[in-house]
Amino acid sequence: RRTLVWFRRDLRCFDHAALYQALRHSKEVICVFIFDQNILKHLPANDRRVRFIHDSIIELEQEISKLGGSLLVIHGDPVTEIPRLAEQLQVNAVFANRDYEPAALQRDTAVKTALGKQQCEFLSYKDQVIFEKSEVLSQAGTPFSVFTPYKNAWLKKFYAEGSDFYAKSYPVEKYAANFYRLDVPAIPSLSDIGFAAAQTQTIPLQAGMSGGTQLIQDFLARMKHYDVARDFPALKGPSYLSVHLRFGTVSIRHLVREAMQQIRTSSNHGAEIWLAELIWRDFYFMILHHHPHVAERSFKPDYDAIQWETGEQADAHFAAWCEGNTGYPLVDAAMRQLNQTGYMHNRLRMVTACFLIKDLGIDWRRGESYFAEKLNDFDLSANNGGWQWASSSGCDAQPYFRIFNPITQSEKFDADGKFIARYLPQLARLDKRSIHAPWKAAPLLLQQAGVSLGKDYPYPIVEHDEARKKTLERYAVVKKAG
Ligand code: FAD
């Protein structure tokens with residue numbers, strides 16, 4: 001029996017559910033990756049993620065080759081390419097790991113239907129989460145919409161099986177003899193598929209399984225401090241693994257095993273908190289599965305009645321937010337981090353999202369789309385979850401009357417202004433009190449620091465207290481919804 005393993009957002013050849021199952025059940029396994037023209041045609045030529053994927057594919061091809069197999073890499077439409085390959089290579093089944101996004105589900109249904117007509121099976125596996133769909137339900141048998149009880153049920157189910165059963169690795173190497181070596185053409189270059197090699201400096205973004213492994217090694221020693229360090233963007237607190245989780249160059253099961261190991265051996269609070277973040281990731285995938293409408297509308301329907309700012313001024317405010325020119329240094333530094341590196345610290349994602357929605361009164365969907373375009377780790381479920389949290393329209397969201405003060409957030413989480421100075425060097429010479437709100441500083445202080453407001457750095461585009469009042473009025477329509 002000959003089979004095809006179709007790689008998508010799982011660019012590794014270890015601990016890989018679909019690859020393992022294919023190797024176990026067939027004698028000749030061929031691997032394929034398709035640069036999906038339907039996705040790529042919407043992206044700019046310097047998209048960092050395409051570069052990341054491309055680098056990861058080069059490494060994946062080499063590693064599969066070392067195991068005795070081949071990775072066929074093509075550029076096209078999977079809905080026609082997968083059935084065409086299945087026929088040409090005479091395979092009886094196509095194996096893939098499940099993808100939960102609405103567009104991916106549609107694509108997979110179309111592929112499955114086409115394969116069915118050729119008497120070829122399409123088999124899909126859970127791989128990118130620990131628990132999917134309805135695996136974690138409330139006692140009443142319904143999906144959770146609040147995180148903490150979900151997390152508790154998740155942990156209960158995980159521990160019930162003991163010894164990391166749900167995080168066990170799929171030992172691909174055990175059946176490596178069943179890889180099939182095929183003569184494959186060279187991997188198309190970035191320019192072959194219409195892209196330029198994007199700039200990926202600032203946050204060194206090493207792609208592939210090796211990049212993921214390096215980051216894991218680096219983070220393991222820091223995991224115990226995660227609970228404390230994770231909230232301060234100037235510190236190296238988080239793992240920076242999100243892009244690797246997004247493209248599957250690391251295994252979620254491996255990460256959970258590492259966290260569990262630290263929890264067991266040193267009752268390590270940092271590891272517990274980090275594990276909870278990985279559970280948030282499962283949570284949002286589960287929400288998207290049960291409530292696919294969130295991709296377009298509010299989780300809580302009443303919130304769709306909110307009237308957002310529109311028109312010229314709103315457009316100008318939105319542009320200032322995107323460019324990091326709002327006059328609020330923490331917000332601007334964060335947006336510049338995003339624009340320059342494709343990464344943004346979690347605390348700052350919350351601050352900038354809240355600022356767009358509750359200081360500028362702009363529809364969260366506009367911010368969600370901007371993040372989707374810029375984030376290396378963009379994932380529909382987590383991004384949507386984060387934005388609906390900030391707009392208060394989501395499940396388990398921030399209450400609508402909780403409105404971050406961008407200055408207080410700055411004083412609290414970047415007290416010395418180090419993060420601000422990194423991305424707004426023109427403010428670096430301001431003292432640590434003035435850097436959070438330069439327009440409040442004495443003219444002499446500004447002069448000494450070489451800052452000319454309105455020239456080197458903008459005045460604030462809105463006044464926070466006024467904006468706050470407006471937001472409470474705007475949200476009055478949902479008051480009863482809570
Ligand atoms: P760590 O702090 O090291 O966390 C480890 C992993 O846990 C992350 O890599 C991620 O996979 C997961 N995780 C952490 N926090 C969350 C969370 N709140 N929700 C879901 N998973 C989480 N995360 C994305 O992966 N893709 C997105 O598109 C995305 N958009 C966001 C938008 C907004 C408005 C907000 C508030 C959050 C968003 N997040 C998103 C969640 C979070 O900010 C990032 O996962 C995190 O900053 C990535 O950095 P890290 O890998 O260093 O995280």
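May I have the convex hull volume per residue, in Å³, for the Cα set of the chain?
In the chain, the Cα convex hull volume per residue is 155 Å³.
Taking 0.36 nm per residue of sequence separation and removing the Cα-Cα distance, the T113/E296 pair yields an extension gain of 63.2 nm. Considering only S56, Q118, Q88, the residue lying farthest towards the positive end of the dipole of segment 2-125 is Q118, judged by Cα position with unit charges set on Cβ. Determine the alpha carbon to alpha carbon distance for each of K440/K469; K27/K174; K66/K126; K358/K440; K236/K418 and list only those over 18 Å. Beyond 18 Å: K440/K469; K66/K126; K358/K440. Compute the Rg/Rh shape ratio of segment 301-481: radius of gyration over Kirkwood radius, all on alpha-carbon atoms. Here the Rg-to-Rh quotient is 0.97. Approximating the spin labels as points 7 Å out from Cα along Cα→Cβ, the H269-to-E161 distance works out to 3.1 nm. Comparing segment 2-125 with the 2.2 N^0.38 Å rule of thumb, its C-alpha radius of gyration ratio is 1.01 (two decimals). Taking segment 262-316 as the region of interest, what is the percent of Cα-Cα pairs per 10 angstrom bin, listed from the shortest bin to the one with the maximum distance? Here the calculated profile for segment 262-316 is 19, 24, 24, 21, 9, 3.
This model, with +1 at the C-beta of Lys and Arg and -1 at the C-beta of Asp and Glu, gives the chain a dipole about its Cα centre of some 820 debye. With contributions of -39500 (n - 2.57) from each DSSP H run of at least four residues, the per-residue ellipticity at 222 nm computed over the chain stands at -14000 deg cm²/dmol. When segment 170-248 is described by a simple charge dipole with +1 on each Lys and Arg Cβ and -1 on each Asp and Glu Cβ, the residue from F179, F232, T213 located farthest towards its positive end is F232.
Residue ranges 54-65, 342-353, 326-337 sort as 326-337, 342-353, 54-65 when ordered by packing (mean number of other C-beta atoms within 10 Å per residue, highest first). Measure nothing but the geometry: give the 0 to 90° angle between the long axis through the Cα atoms of 48-66 and the longest principal axis through the Cα atoms of the chain, rounded to 10°. The answer is roughly 30 degrees. The order of the peptides 84-91, 371-378, 239-246, 125-132 by mean Cβ neighbours within 10 Å, most packed first, is 239-246, 125-132, 371-378, 84-91. A simple charge model with +1 on the Cβ of Lys and Arg, -1 on the Cβ of Asp and Glu and nothing else charged puts the dipole of segment 301-481 at about 540 debye relative to its Cα centre.
Counting only the Cα atoms, segment 104-225 fills a convex hull of 272 Å³ per residue. The label point for I58 and the one for A103, both projected 7 Å from the Cα toward the Cβ, are 2.6 nm apart.
I need to check one value: relative contact order of the chain, counting alpha carbon pairs closer than 8 Å and at least 6 residues apart, in percent.
In percent, rounded to a whole number, it is 16.
Every number here is computed from the coordinates shown, using simple stated rules; none is lab data. Fair warning: this is a prediction, and the values are worked out from it, not measured in the lab. Ideal geometry is used to build each Cβ from the backbone, glycine not excepted, and the neighbour counts take in all protein chains shown.
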